[in-house]
Structure formats: C-alpha cells, structure tokens
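The values are calculated or read from the model by the stated rules, or taken from the named source; none is laboratory data. Keep in mind the model is a prediction, meaning the values are calculated, not measured. Positions of Cβ are backbone-derived with ideal geometry, glycine not excepted, and every protein chain shown enters the neighbour counts.
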Amino acid sequence: MTSVTDRQKLQYIAAQAADARVNVELETEGMTLNLGPQHPATHGTLRIIAQLDGEQVVHAEPVAGYMHRGYEKLTEVRTYPQITTLINRIDWLGSFANEVPFILAAEQLMEVEAPERAMWIRTILFELSRISNLILFLGDMGVQLGAVTPVFFAFRDREFVLDQIEAATGGRFHPNFDRIGGLRDDLPKGWLESTKGSMDKVRDFCDQIEDLLLGSEIFQTRTRGIGIVPTDVAMQYGLSGPNARASGIDWDVRRDNCIGLAYPELDWKVWTHTDGDSFARFWVRIQEVREAAKMVDQLCDGLPAGPVMAKVPRIIKVPAGEAYVATENPLGEMGYYIVSEGDLTPFRVKIRSASFSNMSITPWLLRGVYVPDIITILGSLYFILGDIDR
Amino acid sequence: MTNDAPAAEATESEEVAVDEPREARLAMISESLGDMLVDSHIAVGRDIWVRVSTDAWGEVADVVRNRLGLRYFGFLSVIDWMPSPYGRSMDSEVDIVLADAASSDDAAEEAPDTGFTRGVTGGETRFQAFARVSHVGDPGDFWGLTIKADIPDDTLAIDTWTNAYAGADWHEREAWEMFGIRFTGHPGLRNIYLPTDFEGNPMRKDFPLLARMVKPWPGIVDVEPLPATDDGAEEGDQ
C-alpha cells in the first residue's frame, strides 16, 4: 500500500463522506453522560446514566439505591408505635403525610377509629405537609431552568408553614405526631388563627411564583411539549398524584377513596391538565397548593370539638389480617400494605411509595429527549430520594 | 378451594355483613378469571383479595388490565411466609418487658388460633407474589384489587407482569433482589437498590438483620415509663 498517496487518501475519504451523505445517515459516536449521584437536580443522590447520540438521549438508566435504608425489613422488628418514627423519613419534605396511611391501615386492622377532631387535625397537618412539600417544588423548578430567585422565595415562605407544624407537633420536619387511635396532643391555643394567617402568605407565594415563572417565555419554551406522558402510559407505570392529573387522569385518592380523613366534608376541586408535559405538571401543583390552602382555611373554621384520642389498648397488638390503605400524599399515592399475625410487630409491611413508581417511567420518558430537557423533566416529575429508596 | 363468596378461612367475624358493590365486583372478576381463580376474600367495606394459580399469573395481568379495566398499576411485591428464625429481634430491655406484658395481657383471648398462616386468601408455598391494581374511571369510580399467587418452592420463579404493565419492571427487579424470586420473561433482572456484588436476599425472613443483632435497640436512654406500669385509670381498655 505504499503507492497510496495523500491525494488518493483524501479522495477516498471524500468519496466515503459523499456516499454517507447520500446513502446512510452519518454515524456520530455515542457518548455516555453520567448525571449525579450528586447533581443539584437530583434532590439527593439519584444517578442517571444517559447514552447520548449527539444531543439526544438514546437510553437513560436511573440508578437508585444510594440511600436505601431497608425500611421494609426494619418494620418487621419494631412495634407499631415505633414505626411512625421510621416512616417519617420516607418523604422528608412532607413527613406527617407518611405517618397517616400507616396509622390508618393499622387502625383498620384493629377496628379502631380516631375521634372526629383527630381526623380533622390530621387532615389539617396533612395539607400543611403538602403545602410545605410542594412550595419547595415550585421554587426548585426555577432552579432547574437557571432561575435562582424562586427557590429563595420558596425557602422563605415554607417557614411560615413549618412554623405552624412545629407549633402543633414540636418537630419541623419529623412530627411523629400521629398515633393509633388519634393524635398525641391537641392543638395549642391560637394555632388556628395563626395557621389561617400563614395560608394567606402561601397564596401570596403562589401568585408570586406565577408572576415569576409561569408567564415567562423561557419557562414556557423549556417546559411546554417537553416530557409528554400519555394517559395510558401514566396508568401502566403507576404514576399518581399531580403527575397523573397532569396527564389528564381525573383521580385523587382524597376524593375517590378517602379513608379516615375529613376531605368529604370540604369544598374543593381536583385540578387536571390534559397536556401531560412538564408545564402541566408544574401548573397542577400550583393549583394544588392553592387548593390545599383553601382546605386548611375550611378545616380551621369547621374544626369540631372533642377528644383527640380514642380508647385504645395500652399495648398495641394488631389482630391478624391484611390491609392496604393509601392516601394522596404530596408526591402521589402512598400506601402501606400491612400483614399482621397478631403480634406487637407487623409480619410484613410493603411500602408503596409514590416516587418509586413515578421514577420508574424515566427510562421510557427520557428516550429521545435532548440533554438539557433531562433536568426539567426530572424536576417536573418531582421525586424525593427517600421516597424512591425507602 | 372454592372460588366464590368470601373465603372460608376469613379471620374476621364479619361474614354476616354483605358488601354489595364488592360482591358484584368479585362476581365479575371470578367470571373473567374462570378457573385461574383459586381463592378470594372480601373484607366488608374495605377491600377485595383474589388468589390465582401460579401458572396463570402472567395471563391474569392481561385479563385484569384489558378485560376488567384495572389499568392502574399500584405495586408488585413478594411476601415470605416463613416465620423468622430470629424471632422479632425484640431483645433489648424495653422490648422484653413490653413483650412479656403483652403476652400476659392477652393470654386468654389469644387462645383461639386464627389459622392465619398464609394471609387472607391462603396458600401453600413459602413465597407468594402479590400485586395491587386499580380501576380508575370517572370521578368517584375507583376501586382496587390485590392479586396473589403462590411461587413454587422448587423453582422460585413466576411469570413477569411487564408485558401487561410496563411499570412492573422496577417492582420486579426489587422483588428479585430482595427475595430471590425470578420473574420469567422480565427484560433485565438487575439490582436496583443493592450493590451488584451483594450476596443474599435481604427481605427473606432467614436473612439476619445484623445491625439489630450486634447492638440492641433502642438504647437504654430511650426508655420511657412503660404503659403497663403506670396507673391506667382513663384508658384501661383491656
């Protein structure tokens, strides 16, 4: 091959290139992009390995498990009252909401019902958890797009809600306030008024975020039509909560299968959006915060008097049986499947956490999207790592 | 093993009550499932359980999704019915006292054995797969169903649900690594939580919870006054 001159080589390459242009697509070399485990967009430590073709994702593989704490195993060696401390830490931004379905499932097996006042206070605290959780999402979504201001507003205004949770339960993040048969304590004096005051601040925050983000042209171009989840795909993957409602599924556990909480007494609305894109998921969550603030107002006004604790045995032994109770948590449907053999501890607890199912759609959803959209899609799906890893 | 009416081994004493909508749903379910259905149970006002035969597990997913319209996939997991050889690891001081108090309190009423050994729908094998699917229709039209199936002790394998419900993918991966159950036909059973070189299946009952074994929990600092010791005037329900 010594006779091949540079000129011939160049001609050969040019011919190949011409052929390629005419006949086959130009093959670009694949690249693997590793996002995380400690990426600001991951709310913890989720790692995403994305195979790229140019700017497009060919295959994305989320790697979870960096925070797996084995709660399902741990519940088997703890008594029922001890478990609420653990499960508080599943979705750490809406901790109280994690306790409720577990307690409700245990109450169902014991055939105990909490007094009405306890049910109402549970509902108030549940909605406060939702607000404090979703406020952070609303601010955080701006960060995913490079807007830093909203997240400071979010952290500022979330305090108003956390202050109320702390005043009632003693803990800002991990109340551990729910008990089988009711609540640990009644509300402090003057709490209802100050809570209603903080709801006004929450509404102001929603207006502010709407002004800052929702109308922004950059926000709209980055989220509209991005990461579309069709209704049927959402159902198959078990998307729940705002993610499902943004895909046009008119379903809310609070309305359709409410167990042991005060939602049927309230006047509120389930918001849905038909687009199924990142924008819809953001929009639905804004409406949900407003709706939750409305509910808290109504709950504070109509709170019935009475005891907050039912008569329960001093040593909690749950009769043998199985129960599954799910509630509409800030992130979606969260349920506990409890199998009891009549012991001090459950025999098996299956924790159905919302983020686990919400994230299982990512390999499907990220296929074919552009690299910058990975971040907005993940941000708009909104997951809490503790809720994936449990 | 009959396939209609609440299961014979129902533990609750509520067979007298009848749950009309759930009975109607169960009738519909048993009609669609035919002889794939092994057992069923209704907890009045609460929930429906069905148990299907092992071989039909994969087909059942297709039937409940496409024919019965239970299109929403809740979760899928496995349960290990073997009693834990390590007990409850209730070995710290506070737990022992609590357990003693509990056993002395209810000794009388605990005597009739409930026969609850494999859950509300019974079963023969050590492992059972169970899944939860729901029907999401118009507002207010929402109901769920728990489906179970025995997993053969010799093969420890059962069909995958990923063909009917794509979301079963991660749930089956989790069940595979935690219980060592193989889901035949799953596109890629890889570890999801555990490191790839992890040995053992942590959620099996015979997998020791080492952290609990080397150090009793909770520590002595956590001890509160025990409920049994202080005066129970206002809520002595026992």
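The figures follow:
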item: Residues located in region A:255-278, provided they are under 24 Å from A:Leu138 (Cα atoms) and within 11 Å of chain B (Cβ to nearest Cβ); result: A:Arg255, A:Lys269, A:Val270, A:Thr272
item: Flag if A:Pro150 is in a helix (DSSP H, G or I), modelled with pLDDT of 85 or more, under 21 Å from the mean Cα position of the chain (by Cα) and within 20 Å of A:Val289 (Cβ to Cβ); result: yes
item: Hits in region A:279-324 - residues which are among the aromatic types (Phe, Trp, Tyr) and away from chain B (no Cβ under 14 Å); result: A:Phe279, A:Phe282, A:Trp283
item: A:Asp204 away from chain B (no Cβ under 14 Å), assigned to a helix (DSSP H, G or I) and crowded, with 22+ Cβ neighbours inside 10 Å; result: no
item: Members of region B:54-84 found to be farther than 29 Å from B:Pro202 by Cβ and crowded, with 24+ Cβ neighbours inside 10 Å, listed by number; result: B:Val64, B:Leu70
item: All positions within region A:85-126 that are among the polar types (S, T, N, Q) and in contact with a Pro (Cβ under 9 Å, 6 or more places away or on another chain); result: A:Asn88, A:Ser95
item: Members of region A:237-283 found to be farther than 27 Å from A:Tyr324 by Cα and under 18 Å from the mean Cα position of the chain (by Cα), listed by number; result: A:His273, A:Gly276, A:Asp277, A:Ser278, A:Phe279, A:Ala280, A:Arg281, A:Phe282, A:Trp283
item: Yes/no for A:Glu107 being more than 23 Å from the chain's Cα centre (by Cα) and buried (at least 23 other Cβ atoms within 10 Å of the Cβ); result: yes
item: Residue identified as farther than 14 Å from B:Val64 by Cα, surrounded by 24 or more Cβ atoms within 10 Å (Cβ to Cβ), among the hydrophobic types (A, V, I, L, M, F, W, C) and under 16 Å from the mean Cα position of the chain (by Cα) among B:Val120, B:Val133; result: B:Val120
item: Residues that are among the acidic types (Asp, Glu) and more than 30 Å from A:Phe155 (Cβ to Cβ), drawn from region A:102-141; result: A:Glu107, A:Glu111, A:Glu113, A:Glu116
item: Extreme residue, nearest to the other protein chains (Cβ to nearest Cβ), among residues of region A:209-230 that are touching a helix residue (DSSP H, G or I) at 6+ places or on another chain (Cβ under 6 Å) and either loosely packed, with under 15 Cβ neighbours inside 10 Å or part of a helix (DSSP H, G or I) (or both); result: A:Thr223
item: Qualifying residue in region A:360-381 (condition: more than 9 Å from every other protein chain (Cβ to nearest Cβ), within 14 Å of the chain's Cα centre (by Cα) and under 27 Å from B:Val44 (Cα atoms)); result: no
item: Verdict on A:Phe173 being within 27 Å of A:Ser355 (Cα to Cα) and either without any contact (Cβ under 8 Å) to a residue 24 or more places away in the chain or not in a helix (DSSP H, G or I) (or both); result: yes
item: Within region B:154-171, considering residues that are farther than 15 Å from B:Val63 by Cβ and among the acidic types (Asp, Glu), the one nearest to the other protein chains (Cβ to nearest Cβ); result: B:Asp169
item: Region B:120-133, residues that are in a loop (DSSP other than H, G, I, E, B) and among the small types (Gly, Ala, Ser); result: B:Gly122, B:Gly123
item: Helices (runs of 4 or more DSSP H) lying entirely in region A:323-385 (those with 2 or more residues that are over 29 Å from A:Leu261 (Cβ atoms)); result: A:362-365, A:371-381
